[in-house]
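Have a look at the structure below, then the notes.
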Amino acid sequence: MAGAILLAALLAAGPPGPGAAYAQAGTFGVGEVGPAGPVFSGPHQYPFVCGTVESGLGQPVVDNYDGIGTPVTDEEGNVIGWSKDCGVPMRVDYFYRSTDGTWKPLPDRAVRPPDLAQTTTSHGLTVDYIVAVERGTINRFIYGIAMLAPFDYTPHSPYLPTPWNRRLIFSFGSGGGGVGYRQYPMNVSEVLIDEFLSKGYAVAYTTGARTARSYNMTLAEETIMMVKNHFRARYGEPLYTVGIGSSGGALTQYVVSQNHPGLLDALIPIRGYPDMITQSIYVGDCELMEYYFDHSDNPRWQSKEEREVFEGLAGNDALGETACVAGWRGSVQAFINPHFPPFDVSSLSPEVVAATAWTHWDDLRNIYGVTEHGIAPNTWDNVGVQYGLVSLQKGDITKEEFFDLNERIGGWKQPHEFGPPSFPYDEGNINFGEPGRPNRTTGSIAAINRAYQSGQVFMGYSDVPIIDLRQYEDPILDMHHFLQSFAARERMIKARGHADNQLIWVAGTQRIRGVFLNMPREVLDLALETLDEWLANMRANPGLSAAEARPAHAMDRCWDDEGRVIAEGPGVWDEGGPCREAYPPYHTSRTLAGGPVSGDVFKCALIPVDEAVARGFYPADGPNAFTAEDIQRLKAIFPDGVCDYSQPDVGFPAEWFRR
């Protein structure tokens, strides 16, 4: 079905532009340019900065003479046309693995290098360790496909014995803070991954799914589909496709597996999150809180660790930072401020740069649309959020500390009100609160609706084997905090009643430098072996769900820094469990405001302060006991009411409740 949709869309797209050779069918060969799309993601985005030269693929093909896009020159530097869609002809290059453990080009396949290594695949075939790397463009983005290609083998020939083990790894790389408007360069190392190629896996990759370029999950899914269709047509159907990637490359897997079942058969999200858009909920609080703490008269907040009672994320006095700063500083400017392009835009005219809104939501205008101000609406909201409520209930803060921060923290201006960015806090775009004027930010319910409806939010609907893998880095203030593994799990439980197809593995506290995604090789090998058996069970028993087909030894697990298993099995991540004791997750500002671990409430339902009092939200005795005067002060801070997180997100599509 996907292939038929793709072919129909490409045929309907019309002829290519002047001088272009974009493929108009489901597959293409060496020297041809892959299809430019789109299929279902909506009109192409412009400006679109090409990355082919930086990728070693040369200039893009000319596709117009109207001055749109990247100028293309002849050998003398004369402009011969422009490329708005950045296509390049497909090419195949060969590399070999040296006995010194490095990759080297193999320009002449007729000459055997003296340092050529060999490898033995997962199906027991020992071959010369030579790899063919196919690169080109599909859906305007650079893609790569790599697989073993010893001297006597041509990868795309279906008639020769293959060292390919019939398994495909779709690599999503690592993360980044992309807001679109560029193709993004690709390094050949994105597919030259020894951990997989040495075993006979094929590896695929596309910059269209790289979050350093964009967090447009719809466009990423479309591009992955097109790359997989091309892979099938050229190399054959894989037994299965496993996604792997870190950070943004992890969250993409969760979302893709939910929205397009069949694109990925199993996932290895490393240092991941359930999605990006819900991370903005608490990350948007960070600079508001940091500004408050840094300018507070209360000496308590000079301690970075003390700030945890409101921020939730870790603080470390020895490092002199909080995770809000060390992990997330600059995120507001990069994602919310429309006047801050987060990459080099010197190739664009000043007029184009000024006319472009550089926000995540504007990157997804095909989904969010624009307001009457000509800019995309924003999902971020903090109306009714009682920051530090859980800490107040536990006695970790005083009621005066609770009141003062909630009175003064304020919120962000509306997107059309933003001015140029400032650092470190972007305080020029904060609507500061004060007693009697809370200045909280109202998010767009329409935008929140569209975030759900378009699949930007991982809601837990994934029925594939998942090994959620990371190191524990909360105490060193890394942005990849551990709570997000449990946020994904909680969403799966809410959606499907269980998360038995998700394993959570923590491989110590230290990243291993010099290996794929800094993950210990033995842990990664175990993940692949576990998924291989798991997927074999599903193929042999097509009526079983992923949870039902899970091997008995596939279970939650944690290791220490010496590679020893601390504990494994049911309950190791429960409260008091040995893995949770070894690696306790921190919180976020919204969970400490009473929000769920799932972290998926953009705009909370409000209840009157009097109802919150009656329901026991606030201390009734002890030094923090609320008085009548305190309740009046609370009403001044929250004139519209306070968050009731027992109710669904106000922005959740109303029609879905009737399903």
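Relative to the Cα centre, the charge distribution of the stretch 1-270, modelled as +1 at Lys and Arg Cβ and -1 at Asp and Glu Cβ, gives a dipole magnitude of about 560 debye. Here each label is just a point 7 Å from Cα along the line to Cβ, and for TYR461 and GLU76 those points are 6.0 nm apart. Charge dipole (Cα centre; +1 on Lys/Arg Cβ, -1 on Asp/Glu Cβ; no other charges) of the chain amounts to roughly 1700 debye.
The long axis of helix 279-294 is offset from the longest Cα principal axis of the chain by roughly 50 degrees. The packing ranking of peptides 601-610, 201-210, highest mean first, is 201-210, 601-610, where packing means the average number of other beta carbon atoms within 10 angstrom of each residue.
Here the calculated FRET efficiency for PHE40 and ALA620, from their Cβ-Cβ distance with R0 = 51 Å, stands at 0.40, rounded to the nearest 0.05. With the biggest extent put first, the Cα atoms of the chain measure 86, 60, 51 Å across the principal axes. Once the convex hull of all Cα atoms in the stretch 474-582 is built, its volume per residue stands at 119 Å³.
Judged by the mean number of other Cβ atoms found within 10 Å, the most tightly packed of the peptides 130-142, 464-476, 387-399 leads the ranking 130-142, 464-476, 387-399.
Using the average count of surrounding beta-carbon atoms within 10 Å as a protection proxy, the listed peptides 580-589, 181-190, 305-314 rank, highest first, as 305-314, 181-190, 580-589. Counting neighbouring beta carbons within 10 Å and listing from fewest to most, the residues PHE196, PHE231 come out as PHE231, PHE196. Ellipticity at 222 nm from helices only: DSSP H runs of n ≥ 4 in the chain, each -39500 (n - 2.57), divided by the residue count, give -7000 deg cm²/dmol. Note on the stretch 1-270: Kirkwood hydrodynamic radius from all Cα pairs is 18.9 Å, rounded to one decimal. Residue pairs exceeding 32 angstrom between C-alpha atoms, taken from LYS84/LYS413; LYS228/LYS603; LYS304/LYS494; LYS84/LYS228; LYS84/LYS494: LYS84/LYS413; LYS228/LYS603; LYS304/LYS494; LYS84/LYS494. Full extension of the segment from GLU372 to GLU54, taken as 0.36 nm per residue of separation minus the current Cα-Cα distance, would add 110.6 nm. The long axis of helix 248-259 is offset from the longest Cα principal axis of the chain by roughly 90 degrees. Ranked by how many other Cβ atoms sit within 10 Å of their own Cβ, fewest first, the residues GLU287, GLU427, GLU407 fall in the order GLU427, GLU407, GLU287. Between helix 521-540 and the chain there is an angle of about 80 degrees, using the helix long axis and the longest principal axis of the Cα atoms. Reducing the stretch 374-416 and the stretch 244-322 to their Cα centroids gives an inter-centroid distance of 17 Å. Take the Cα of LEU125, step 7 Å toward its Cβ, do the same at PHE432, and the gap between the two points is 6.8 nm. Can you give the FRET efficiency to the nearest 0.05 for GLN118 and ARG521, using r as the Cβ-Cβ distance and R₀ = 25 Å? It comes out at approximately 0.85.
The stretch 437-454 and the stretch 620-659 have their alpha-carbon centroids 17 Å apart. Neighbour counting of Cβ atoms within 10 Å sorts the residues HIS481, HIS123, HIS339, fewest neighbours leading, into HIS123, HIS339, HIS481. Put simply, the C-alpha atoms of the stretch 362-469 give a gyration tensor, and the ellipsoid matching it has half-axes of 29, 24, 13 Å, longest first.
No lab work stands behind these numbers, since they all come straight from the coordinates. None of these values were measured; they are calculated from a predicted model. All Cβ positions, glycine included, derive from the backbone under ideal geometry; neighbour counts span all protein chains shown.
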